[in-house]
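Visitor: Pasting in a structure now, in structure tokens, and then I'll have a few things to ask.
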Amino acid sequence: MEECIFCKITKGEMDAEVVYSDDRVVAFRDINPQAPVHVLVVPRKHVRSVFDLSPEDYDLLGRIFQVAKRVSEEEGIAGSGVRILTNVERGAGQSVFHLHFHVMGGRQMHWPPG
Ligand code: 5GP
Ligand code: ZN
């Protein structure tokens, strides 16, 4: 099976601008940013989407949100406004099938996102 691009990035086999990394989670800048700050927070474990997590993985979600907060603080957007979202399947806009959370800010975010 062709390995997915986010697995390659988390393993360091493909370049990305990594802003945070630990034994379970990696955060890197989106290649096509939709806001002044647009970071993807990704588990090292390959999971298709948030719906494919098993109960043993749920603490990983907490860890991901801790990292999202830390990155937001480091990027200087924690106080001004941060959108954290994950797309599930193509109809919602998912294009990379390795779980990731978008962490976006640095501009006024609009609602609904469309
Ligand atoms: P999705 O559409 O699945 O919610 O989000 C996938 C995101 O990954 C998109 O915002 C897209 O710009 C980003 N992306 C796709 N390929 C790469 C890549 O090779 N490197 C980086 N840094 N981001 C990528
Ligand atoms: Zn993967």
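Visitor: Cα extents of the chain along the three principal axes, largest first, in whole Å?
Guide: On the principal axes, the chain reaches 40, 30, 28 Å in Cα extent.
Visitor: Shifting gears a bit: Dipole size in debye (nearest 20) for region 5-105 around its Cα centre, Lys and Arg Cβ +1, Asp and Glu Cβ -1?
Guide: Computed about the Cα centre, the dipole is about 140 debye.
Visitor: To continue, here is another question. Per-residue ellipticity at 222 nm for the chain, helices alone: DSSP H runs ≥ 4 residues times -39500 (n - 2.57), over residue total, nearest 500 deg cm²/dmol?
Guide: Dividing the helical sum by the residues of the chain leaves -6000 deg cm²/dmol.
Visitor: Next up: If you add up the charges near Glu13, with Lys and Arg at +1 and Asp and Glu at -1, over every other residue whose beta carbon is less than 14 angstrom from its beta carbon, what do you get?
Guide: Combined, the nearby Lys, Arg, Asp and Glu give 0.
Visitor: Another question, then. On C-alpha positions alone, give me the angle between the axis of helix 58-74 and the longest principal axis of the chain, in degrees, nearest 10.
Guide: The helix 58-74 is inclined about 40 degrees to the chain.
Visitor: With contacts defined as alpha carbon pairs under 8 Å and 6 or more residues apart, what's the relative contact order of region 5-105 in percent?
Guide: Contact order relative to length: 32 percent.
The numbers here are math on the coordinates, done by the rules we state, and not lab data. What you see is a predicted model; the values in this text were computed from it and never measured. Neighbour counts are summed over all protein chains in view; Cβ atoms, including those assigned to glycine, are modelled from backbone coordinates with ideal geometry.
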